[in-house]
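All remarks here apply to the structure that follows.
A short reminder: the numbers here are calculations on the coordinates, not readings from a lab. These figures come from a predicted structure and were not determined experimentally. Virtual Cβ from ideal backbone geometry, glycine too; neighbours counted across all protein chains shown.
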Amino acid sequence: MRCPFCAHEESQVKDSRPSEDNTSIRRRRQCEGCGARFTTFERIQLREVMVLKAGEPGGEPRREPFDRAKIEQSVALACRKRPVSPERIERLVSGIQRQLETLGDAEVESRQIGEMVMEGLRQLDSVAYIRFASVYRDFTEARDFEEFASSVREVGHK
Ligand SMILES: [Zn+2]
């Protein structure tokens, strides 16, 4: 496992135990290069989920594989300096991943995932929820505006 601090390829597992809800294994690792400690989680992936993102206004939507790390990052950012443990973030993201994998749809709209994250954060920490919602809503509104603007342009061409 590559060290997130110095990019060294080798690390030693110092401790390994199941998470609280027993759906993943939590490992404490130490980098053999710089000695930094970090945590990894091993978990089950039921199947690959594709995320559908709105593309350029008037263009085709883009598809990319569900990237758990991206969700984890934005949730961690929203929870920064809040009394939310890494385990709770892990459980929130795992819950979303599990939901997506069991939905039965091969594709999920990115908007739907955003709503799931907001719902999870709402129950976790109100400040983190507001942080995430303000960033996320701004983004959706900006995109909505682009869609609106492009529809106006299309009409203008006729
Ligand atoms: Zn390192």
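What to note about this one:
- Electrostatic dipole magnitude of the chain [Cβ: Lys, Arg +1; Asp, Glu -1; Cα centre; debye, to 20]: 680 debye
- Among the cysteines of the chain, those with no neighbouring cysteine Cβ under 4.7 Å are C79.
- Per DSSP, loop trypsin sites (Lys or Arg not before Pro) in the range 74-120 with at most 12 further Cβ within 10 Å: R80, K81
- Average Cα contact separation per residue, the chain, under 8 Å, 6 or more apart, as relative contact order %: 17 percent
- Evaluating 6.51 cos²θ - 1.76 cosθ + 1.60 at θ = phi - 60° for every residue in the range 100-105, the Karplus couplings come out as 5, 5, 9, 4, x, 8 Hz, glycine and proline recorded as x.
- Our coupling estimate for the range 6-18, obtained by passing each phi through the Karplus curve with A = 6.51, B = -1.76, C = 1.60 and θ = phi - 60°, is 10, 6, 4, 7, 9, 9, 10, 7, 9, 7, 9, 8, x Hz, Gly and Pro reported as x.
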